[in-house]
Amino acid sequence: MRFSRLAALTGVLLLAACGGEYPQSSIAPATDFAHRIQDLYFQIFLWTMGILAVVWIVLTYILVRFREKPDSPEPEQIHGHLGLEIAWTIVPALIVVAIAVPTIQTTFDTQTPDPDAMVVDVIGHQFWWEFRYPELGDERTANELRLPVDRPVALRIWSDDVLHSFWVPQLGGKRDAYPLRAVPEGDDTKYNWIFMTPQEVGTFMGQCAEFCGQSHAIMGMRVVVESQEDFDAWVADWNRGHGEMVETADVGSSSVDPMLEDELEGATPIAEIAALQEAQDTREDPTDLAGATRVDDPQDALVEEGRQLFQSGLGGCIACHAIEGTGAAGVLGPNLTLLGRRSTIAAGWLENTQENLVRWIKAPQEIKPGVLMPGVDVAGGNWPATGLTEDQVRAVAAYLLSLR
Amino acid sequence: MSETTLAPDTAPESTPSHDVHGGHEEPTGLWSWITTVDHKRIGIMYFLTSLVFLAIGGIEALIIRVQLFAPEQAVVSAETYNQLFTMHGTTMIFLVAMPMAVAFFNYIVPLQIGARDVAFPRLNALSYWIYLFGGIYLNASWLFGAAPNNSWVGYAPLTSTQYNPGLNADFWVLGLSILGVSSIMGGVNFITTIIQLRAPGMKLMRMPIFTWMTFVTSFLLVTALPVIAVALILLAFDRFYATTFFVAASGGDPVLWQHLFWIFGHPEVYILVLPAFGVISDVIPTFSRKPLFGYPVVVYAGVLIGFIGWGVWSHHMFTSGLGPIADSFFVATTMIIAIPTGVKIFNWMATMWGGKIRFNTAMNFAIGLVALFTVGGLSGIMHASAPVDLQQHDSYFVVAHFHYVIVGGILLGMFSGVYYWFPKVTGRFMDEKLGAWHFWTTLVGFNLTFFPMHFSGMYGQPRRTWTYSETLNVELFNQLSTYGGFILGVSTLIFVWNLYKGAKSGERAGSNPWGAPSLEWSIPSPPHHYNFPALPTVQSREPMWHEAERKSIEVVTLAHPEREPEMPNPSFWPILLAAGVTATWALVMTGIWWVPLIGLAYTAFCTYMWAFEDPFAKKGAVGEVSHG
């Protein structure tokens, strides 16, 4: 390929690298960290392309100029040349220094903690991402991380199980997530960190980048960088939670029937769910809602039905999931507070729509083999199949989408 | 140095090719191959076996490429895919690249130094049989539906019984342990051979570079393989006997696995590449009609790479959070090792400069290595910069890098060596037309497969992923890679066909069909069972390029002795012992601590019988008697 065409093609490809066309591009930086890496990469790219050009041009010349021809004489039997050896040792060494110095500078600069940074916990699970804001109100969310623009952030990264790696290319390089080691009393646990200040508002795409098992490929995420006001509003909404829903009669502020609570004390998860299901089936008249607000809109009715199903424990959702402001406080699976605002579900894999939520709740194993969440017919991890009907799944999905 | 008159370009073949080896016929038949201790036969067995595993690893790769042709496909399940890429990597590294190099060590090194065989012929056979049985054991896992699925690096804690309860990781741990034994023995054998069995006048600094690189590689084998053996033993104990070396919750450390693995793993890649460097260091001078430029520098660069290679391992761990000081140390060492590597490239180019270059298939592949390894080396320089590597690590960019150095570098070097030494091994040439097809389809297929991966990696496609989201927009690059993969498959078929055709009906070749400079070209093609009737005396680095020296050597090497030299008898203890070693490790799988001891007892028995077997016993001894 002629050099000018090659240069043009490279240019086009680099230009096309803007995040829009390649949302997981590693050459479309949107943070200071990513910009530092990009600057270094570009320098090294130029050096290496220069070396490649020299080697290939000289090699091509050699192959043309010194090919054997019928009349070419026997070549001079040269065994070496000390001067050349020294020269082509020293020149590469100098280039290496030219690359190593900014590399080491960048290495130290990007691993220096910023005391003003807001710490955000990033916890890898098989196969989803958990995020926590310990310095705010210990808000917890999953698979979609929200950050305020222009504010330094320190991602504190670890894993709940196997190795994972947090990689959102536009925000910078990746860091591995390790399970926390048992350390002696008083010793510090070692975390991995990413220090960065997001500089652009937008939604950025990322993915787990350390092979972590069956569905490693389906462990993506989104990072939403927004204005400080929008971020604060999200935090406030999270803390408000979803407790103020349409009132229903016999379920007070707690989602679990208080008459059942004693019975459920100490029951195994399976027994607990069976008991809840039985209670559900034997309730006299589910529409007998003395004192409740009348529900006229069918969509609202669907959402309300889903809420009741979810919060009653039917299907076992609350064993693993939490929704702030309600009685659902499970910690084994993703926190579903404000789920309706997320652009994706199943760890960045599916668009967050009614249809996809239904698909996911019905059969998560078909979308993410090895996932620990049960489906309606298939057990998952230690949990039995949920046994929800088609209508019940639709209702729960509508409820979750309503969590805005 | 004595006067340098180059042997004429079309050197008259000093001896007509021949099939009959004067005196006794070499025994044929399966039993003679099973009991052989002849380095040449063992070399052929290594080579043919590595070709079979190349086909298996290649098919695994093609299934991967079909699955990745389009986003969000499910041509195979996620579990199957994870097994496929694990086995592809493990097979290609341990069952193809390493054994193919050993095939060359075996056949060529004794001939290049003027020896009749390696220092320990039975140990040599043992290494081969352990390789074969270990490879079969590892691939038997497919029959159990439990092929290893933890990637070729097997990071903890994914390999623990908690997260990987099935047989998959057991096969991996035990299979690699078996194979490691073979490699360590081979290293010992070649170090001893090269130190002890050189012909008179064959000083170290007169040895061909291929033998020099074998020498360095053998030291790496002997020192690096034990490291992974230790790591695998610790992991085996975690899996079978409930220790917690790599279990974080019990105070163990997954990072420990990474350190142990990569302290092995980086020297391992030099184990892979130095033999290929050695091959082209012999091929390029031959077809440039000039001696290797800077011979001592090329030797020292190889030795230096061997040493510095021990100090770079954590460049595989830049994302692990070792801290900026450790990161910077490994940045420095990794960039430093690029210097002797570049020096070698320049010396090969300087060898060709001013030469009279003949473009046959062997030379084409050698030049291909120079061009393509440079690309892989330069993407390696990018990875060497830790902050940049934080983007590139675990993405397809890295997959591009290592395939450029392993396939563009190592495999092309091996192909060059095959075309170069095929006439010596078989007494016939491979077909040059087919060779041209092989070369060009390899070049096109290889670049089409792996160049686009620089882009898919740069645009965020991680490696070891069963599928990818359509949103990434990397479908085009994946399609190109898939097309390229199939072209590579075709090129390999052409190669195999050329091997077969050449062996059956290739044009006859004499003792020195290329007019090459080194000692292996002084004996008939194929060589006698005993290689050299008497040991020649060598006076220079290019013995066959100095007229007087060549003549004095060929008087010795082309003679037909009245009494053939005595060679060690064949023996069946190597294959029996290899079965014992394999069984001992495989029985660990039962989880019952005393069951492997049965295998160990059998192995001990075989060792005892071997030790007291007289390799030179006459009639009535164990095995066939070769010569009176």
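The values are calculated or read from the model by the stated rules, or taken from the named source; none is laboratory data. Quick caveat: nothing in here was measured; it's all calculated off a predicted structure. Methodologically, a virtual Cβ is constructed for each residue, glycine included, from the backbone with ideal geometry; neighbour enumeration extends over all protein chains shown. Each accessible area value is taken on the protein alone, full model and side chains, heavy atoms only, with ligands, DNA and RNA left out. Shrake-Rupley method; radii C 1.70, N 1.55, O 1.52, S 1.80 Å.
Tabulated results
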item: Enumeration of residues in region A:323-337 that are surrounded by fewer than 22 Cβ atoms within 10 Å (Cβ to Cβ), in contact (Cβ under 8 Å) with a residue 40 or more places away in the chain and hydrophobic (A, V, I, L, M, F, W, C); result: A:L332
item: Test: B:I263 is open to solvent by 20 Å² or more (accessible area, probe 1.4 Å), more than 22 Å from the chain's Cα centre (by Cα) and either at negative phi or more than 10 Å from chain A (Cβ to nearest Cβ) (or both); result: no
item: Selection within region A:19-42 - surrounded by fewer than 16 Cβ atoms within 10 Å (Cβ to Cβ) and either more than 7 Å from chain B (Cβ to nearest Cβ) or of a type in the set (K, R) (or both); result: A:G20, A:H35, A:D39, A:F42
item: Failed item, numbered, when B:G89 is tested on (1) in contact with a helix residue (DSSP H, G or I) (Cβ under 7 Å, 6 or more places away or on another chain); (2) in a helix (DSSP H, G or I); (3) of a type outside the set (K, R); result: (1)
item: Residue in region B:150-166 that is in a loop (DSSP other than H, G, I, E, B), without any contact (Cβ under 8 Å) to a residue 12 or more places away in the chain, of a type in the set (S, T, Y) and open to solvent by 10 Å² or more (accessible area, probe 1.4 Å) present; result: yes
item: Filter pass, B:I284 being in contact with a Gly (Cβ under 8 Å, 6 or more places away or on another chain) and either of a type in the set (F, W, Y) or in contact (Cβ under 8 Å) with a residue 60 or more places away in the chain (or both); result: no
item: Failed item in (1) open to solvent by 10 Å² or more (accessible area, probe 1.4 Å); (2) more than 19 Å from the chain's Cα centre (by Cα); (3) not β-branched (V, I, T), with B:A229 passing the rest; result: (2)
item: Residue, most open to solvent (accessible area, probe 1.4 Å), within region B:77-107, restricted to residues that are among the β-branched types (V, I, T) and under 17 Å from B:F144 (Cα atoms); result: B:T80
item: Output for region A:78-103, where each listed residue is open to solvent by less than 40 Å² (accessible area, probe 1.4 Å), at the interface with chain B (Cβ under 8 Å from one of its Cβ atoms) and either in contact (Cβ under 8 Å) with a residue 60 or more places away in the chain or not in a helix (DSSP H, G or I) (or both); result: A:G80, A:T103
item: Qualifying residue in region B:42-55 (condition: in contact with a His (Cβ under 9 Å, 6 or more places away or on another chain) and either at pLDDT 95 or above or open to solvent by less than 50 Å² (accessible area, probe 1.4 Å) (or both)); result: no
item: Hits in region A:366-396 (condition: under 19 Å from the mean Cα position of the chain (by Cα) and farther than 20 Å from A:I318 by Cβ); result: A:I367, A:K368, A:P369, A:G370
item: Unique match (being under 30 Å from A:Q105 (Cα atoms), more than 9 Å from chain A (Cβ to nearest Cβ) and out of contact with any Cys (no Cβ under 8 Å at 6 or more places or on another chain)) among B:G376, B:G409; result: B:G376
item: Complete set of residues in region B:525-545 that are part of a loop (DSSP other than H, G, I, E, B), within 20 Å of B:F210 (Cα to Cα) and open to solvent by less than 10 Å² (accessible area, probe 1.4 Å); result: B:S525, B:P527, B:N531, B:F532, B:P536, B:V538, B:S540
item: A:R404 being surrounded by fewer than 21 Cβ atoms within 10 Å (Cβ to Cβ), touching a residue at least 24 places away in the same chain (Cβ under 8 Å) and charged (D, E, K, R); result: yes
item: Of residues in region B:351-366 being more than 7 Å from chain A (Cβ to nearest Cβ) and either open to solvent by less than 20 Å² (accessible area, probe 1.4 Å) or of a type in the set (K, R) (or both), the one nearest to A:H81 (Cα to Cα); result: B:T351
item: B:Y300, sole failed condition from (1) farther than 30 Å from B:Y163 by Cβ; (2) in contact with a Leu (Cβ under 9 Å, 6 or more places away or on another chain); result: (2)
item: Criterion (within 14 Å of chain A (Cβ to nearest Cβ), in a helix (DSSP H, G or I) and modelled with pLDDT under 95) met by exactly one of B:A249, B:A301; result: B:A249
item: Single residue of region B:203-226 satisfying the filter (open to solvent by less than 10 Å² (accessible area, probe 1.4 Å) and closer than 28 Å to B:E549 by Cα) that is farthest from the chain's Cα centre (by Cα); result: B:M207
item: Unmet criterion (only one of (1) open to solvent by 30 Å² or more (accessible area, probe 1.4 Å); (2) modelled with pLDDT under 95; (3) part of a helix (DSSP H, G or I)) for B:P615; result: (3)
item: Residue under evaluation B:I308, criteria (1) open to solvent by 10 Å² or more (accessible area, probe 1.4 Å); (2) at the interface with chain A (Cβ under 10 Å from one of its Cβ atoms); (3) within 22 Å of A:V101 (Cα to Cα); (4) part of a helix (DSSP H, G or I), criterion not met; result: (2)
item: Residue selected from region A:338-356 under the condition out of contact with any Pro (no Cβ under 9 Å at 6 or more places or on another chain) and small (G, A, S), by the criterion surrounded by the fewest Cβ atoms within 10 Å (Cβ to Cβ); result: A:S343
item: Whichever residue in region B:404-451 is out of contact with any Pro (no Cβ under 7 Å at 6 or more places or on another chain) and assigned to a loop (DSSP other than H, G, I, E, B) and, among such residues, is farthest from B:E268 (Cα to Cα); result: B:D431
item: Test for B:Y241: is it in contact (Cβ under 8 Å) with a residue 12 or more places away in the chain, within 14 Å of another protein chain (Cβ to nearest Cβ), hydroxyl-bearing (S, T, Y) and open to solvent by 10 Å² or more (accessible area, probe 1.4 Å); result: no
item: Candidate set: region B:454-486, residues that are outside any loop (DSSP other than H, G, I, E, B) and of a type in the set (A, V, I, L, M); chosen: the one most open to solvent (accessible area, probe 1.4 Å); result: B:L476
